[in-house]
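The values are calculated or read from the model by the stated rules, or taken from the named source; none is laboratory data. Nothing here was measured: the structure is a model prediction, and the numbers come from that model. Counting neighbours? That spans all protein chains shown, and the Cβs are built from the backbone with ideal geometry, glycine included. These area figures cover heavy atoms from the full protein model, side chains too; ligands, DNA and RNA do not enter into them. Shrake-Rupley method; radii C 1.70, N 1.55, O 1.52, S 1.80 Å.
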Amino acid sequence: MNRSLTTQMLRRMGALSFAFLPLAVSPAMAAPSLPSGLTAEQIDTVVERARDAFHVPGIGVAIVHDGQVVFARGYGRRGEDAQSGNVDTRTLFAIGSNTKEFTTTALAMLVDEGKLKWDDRVIDHMPEFRVADPAITRDFRVSDLLTHHSGMGLGAGDLMLFSHSTFTRPEVLAALPYMPFTAPFRMDYAYNNLLYVVAGALVERISGTGWEDFVQSRLIDAAGLPACQSTPPVKGQVDVATGQGGDPVLPDRAALQLPAVAPAGGIWCSVDGISRWVQMYLNGGKTPEGKTIISMAQRDAVWAPHALLPLPDTAQATEGHFRAYGYGWFNEDFFGKRRVWHTGTIDGMVSYVSFLPEMQTGIVVLTNHDDPHAIYSIQTTLNSLVVTGKSADWVKHWKDEATAKDAQDAKMAATQGPGSPARPFIHLSSHDAHDYVGLYHDDWRGDMHVTQQGTALRLAFGKASGLAGPLQALPHDLFVVRWDDRAQDAEDDCYVQFERDMTGKVTGMKMQVIGSDFSFDAQDLHPRRISDQP
């Protein structure tokens with residue numbers, strides 16, 4: 001109601017107006033409002049600019065402020081198909097690594113219940129737990145599963161979790177001892193999904209309940225998160241986003257196989273669901289109705305900085321001086337305010353959840369396009385407006401960066417990439433091609449098959465539903481594998497370098513992804529040829 005009109009009415013009502021005065025001014029009755037410095041028009045503008053600049057079909061956005069959801073809106077389509085339905089606030093998106101916070105919250109619940117301590121040794125709860133170094137195995141703590149400072153390389157073991165993998169969770173854990181350490185224990189930061197799968201298995205071991213059931217019942221349902229689930233969507237669910245290059249056809253419930261990666265990236269949720277999750281976290285671990293999910297002490301423990309990280313390239317522009325990782329959350333200073341956040345990328349979708357605790361504000365952005373620049377643009381703009389009341393043109397910043405990188409990649413491909421003058425393709429005779437045929441085996445990833453038809457060679461991964469492609473020859477036993485599924489796997493094409501012994505016999509291979517997808521950790525593979533029969 002207009003303030004001046006209300007004042008006039010009260011004056012005319014005289015003494016009787018006194019009885020109604022509290023209803024007119026009570027904060028409890030005030031309409032929810034966006035944080036100062038942020039308007040709905042600004043949100044709409046930056047979202048639509050980002051959608052257009054980065055060709056994103058659909059986006060969901062929510063703002064939480066002072067304990068209330070003050071903005072929630074869907075933009076665009078649920079999929080790449082122009083006929084797909086519109087995104088709304090209940091559309092399910094794959095949230096990827098924003099699942100990690102659910103796993104650490106599950107552990108925090110067990111800490112609250114006295115069943116676990118953050119500095120417990122993992123082997124005291126899971127005696128079968130092993131990593132490559134026995135000394136590190138003995139000293140590996142629960143907290144070491146969560147901070148990305150184990151000493152394993154960037155994305156180590158991700159080929160058991162992504163890229164059409166059919167590994168089960170027990171098989172992933174059994175392969176853990178074969179993962180190489182590339183840095184000293186607890187020294188260097190290297191993002192790792194594999195150990196969050198172990199963390200999920202730890203939840204299962206202590207609770208006696210499957211990770212999916214525990215997270216669904218004890219977190220999602222208990223906190224009342226609408227349109228949110230710990231398992232993938234199935235046939236019959238309609239309001240579901242499809243990621244870039246994804247298949248909109250959902251599996252039958254009876255045929256659904258739970259992904260091994262789930263504790264690191266398996267949750268599907270809507271902006272309505274995640275915004276209530278944000279409310280709970282901003283409220284110190286309690287739902288808006290006052291139900292405790294985790295204690296304030298444990299909320300603070302998972303948010304606390306536990307391992308330092310290098311500063312990002314944007315630190316100067318956002319006046320950042322530190323960045324660290326907690327238990328499933330990044331921490332940094334942002335224009336003088338604390339910011340806690342995390343992103344997630346999986347199945348052609350990208351999510352971003354950001355908190356400004358001192359401003360009592362949380363911002364959720366979910367997208368169905370495999371490009372983080374859109375969510376970076378939106379989140380950095382909205383966070384800047386909340387903290388400072390103004391913002392640089394972050395859409396232009398990230399678009400310029402993406403354009404420059406594309407140009408650099410194109411130049412590199414033309415001058416040094418496969419098929420360039422520096423690395424020309426060559427033709428092999430059928431006899432020469434046969435040298436490479438056989439069954440290869442890697443200690444942690446398992447079997448790989450090189451087959452021949454005429455002069456054409458193909459490479460296929462075992463324990464993967466469709467990760468295969470033709471091998472194109474370059475000089476000196478070097479090949480390029482172009483994966484068959486171009487919609488999902490084109491960015492993961494790899495160099496394949498075959499190795500020979502002193503007699504000239506092919507004995508094994510090494511691999512290196514041509515692009516920059518750290519989750520295609522081909523560099524950690526060392527397949528040995530164990531048979532000349534594929």
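See the values below:
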| item | result |
| --- | --- |
| Globularity index of the range 131-192, i.e. its alpha-carbon radius of gyration over 2.2 N^0.38 Å | 1.10 |
| Magnitude of the charge dipole, the range 78-130, Cβ model with Lys/Arg +1 and Asp/Glu -1, debye to 20 | 40 debye |
| Solvent-accessible surface ranking, highest first, for Ile378, Ile530, Ile123 at 1.4 angstrom | Ile530, Ile123, Ile378 |
| Under-5 Å amide H pairs with Ala464, H placed in peptide plane, nonlocal only | Thr166 |
| Residues whose placed amide H lies under 5 Å from that of Asp521, excluding near-sequence neighbours | Asp158, Leu159 |
| Extension gain, Met296 back to Thr507 (0.36 nm per residue minus Cα-Cα distance, nm) | 70.3 nm |
| Computed accessible area, Ser36, all protein chains, 1.4 angstrom probe, square angstrom | 100 Å² |
| The range 270-404, accessible surface, carbon-and-sulfur percent (1.4 angstrom probe) | 52 percent |
| Estimated FRET transfer efficiency when R0 is 60 angstrom, pair Ala422-Asp213 (beta carbons, to 0.05) | 0.65 |
| Summed residue charge, Cβ within 11 Å of Met509's Cβ, Lys/Arg positive, Asp/Glu negative | +1 |
| Partnerless cysteines, meaning none of the other Cys C-beta atoms lie under 4.7 Å away, in the chain | Cys494 |
| In Hz, Karplus ³J(HN,Hα) per residue of the range 271-279 (6.51, -1.76, 1.60; θ = phi - 60°; x = Gly, Pro) | 5, 5, x, 5, 5, 6, 4, 5, 4 |
| Listed residues His434, His125 arranged by accessible area, highest first, probe 1.4 Å | His434, His125 |
| Loop sites in the range 161-257: trypsin sites (Lys or Arg not before Pro), DSSP, at most 14 other Cβ within 10 Å | Lys235 |
| Members of Lys337/Lys390; Lys115/Lys291; Lys100/Lys291; Lys405/Lys463; Lys390/Lys411 lying beyond 25 Å, as alpha-carbon distances in this model show | Lys405/Lys463; Lys390/Lys411 |
| Value of relative contact order over the chain, rounded to a whole percent, pairs C-alpha under 8 Å and six or more apart | 16 percent |
| Total formal charge among the other residues, if their Cβ is under 12 angstrom from that of Thr287, Lys/Arg +1 and Asp/Glu -1 | +1 |
| Whole-number percent relative contact order across the range 85-233, with pairs defined as alpha carbons under 8 Å at least 6 apart | 28 percent |
| Note, ³J(HN,Hα) from phi for the range 357-374, Karplus 6.51, -1.76, 1.60, rounded to Hz, x at Gly and Pro | x, 5, 9, 6, 10, x, 10, 10, 9, 10, 9, 10, 9, 7, 8, x, 4, 5 |
| Estimated vicinal HN-Hα couplings, Hz - the range 411-419 in sequence order (Karplus 6.51, -1.76, 1.60; Gly, Pro = x) | 5, 5, 5, 6, 9, 10, x, x, x |
| Contour minus Cα-Cα distance for Glu171 and Arg528 (0.36 nm per residue) | 126.5 nm |
| Linear extension gain, Ala413 paired with Met187, 0.36 nm per residue minus alpha-carbon span | 77.9 nm |
| Environment charge at Gly58 (Cβ cut-off 9 Å; Lys +1, Arg +1, Asp -1, Glu -1) | +3 |
| Ser430 paired with Gln83, simple spin-label distance in nm, labels 7 Å along Cα-to-beta-carbon | 4.6 nm |
| Per residue value of the accessible surface for the chain (all protein chains in place, 1.4 Å probe), Å² | 44 Å² |
| Heavy atoms of Arg130: accessible area, 1.4 Å probe, square angstrom to 10 | 120 Å² |
| Residue-level accessible surface for Lys411, protein heavy atoms, 1.4 Å, Å² | 150 Å² |
| Distance from the range 41-56 to the range 225-266 (C-alpha centre basis), Å | 26 Å |
| Leading residue at positive end of dipole, the range 159-263 (Cβ point charges), from Gln244, Val215, His164 | Val215 |
| Relative contact order [Cα under 8 Å, 6+ residues apart], the range 356-485, whole percent | 13 percent |
| Hull shadow area, averaged, the range 331-418 [alpha-carbon convex hull, nm²] | 7.0 nm² |
| Whole-Å semi-axes of the chain's equivalent ellipsoid (Cα gyration tensor) | 47, 27, 21 |
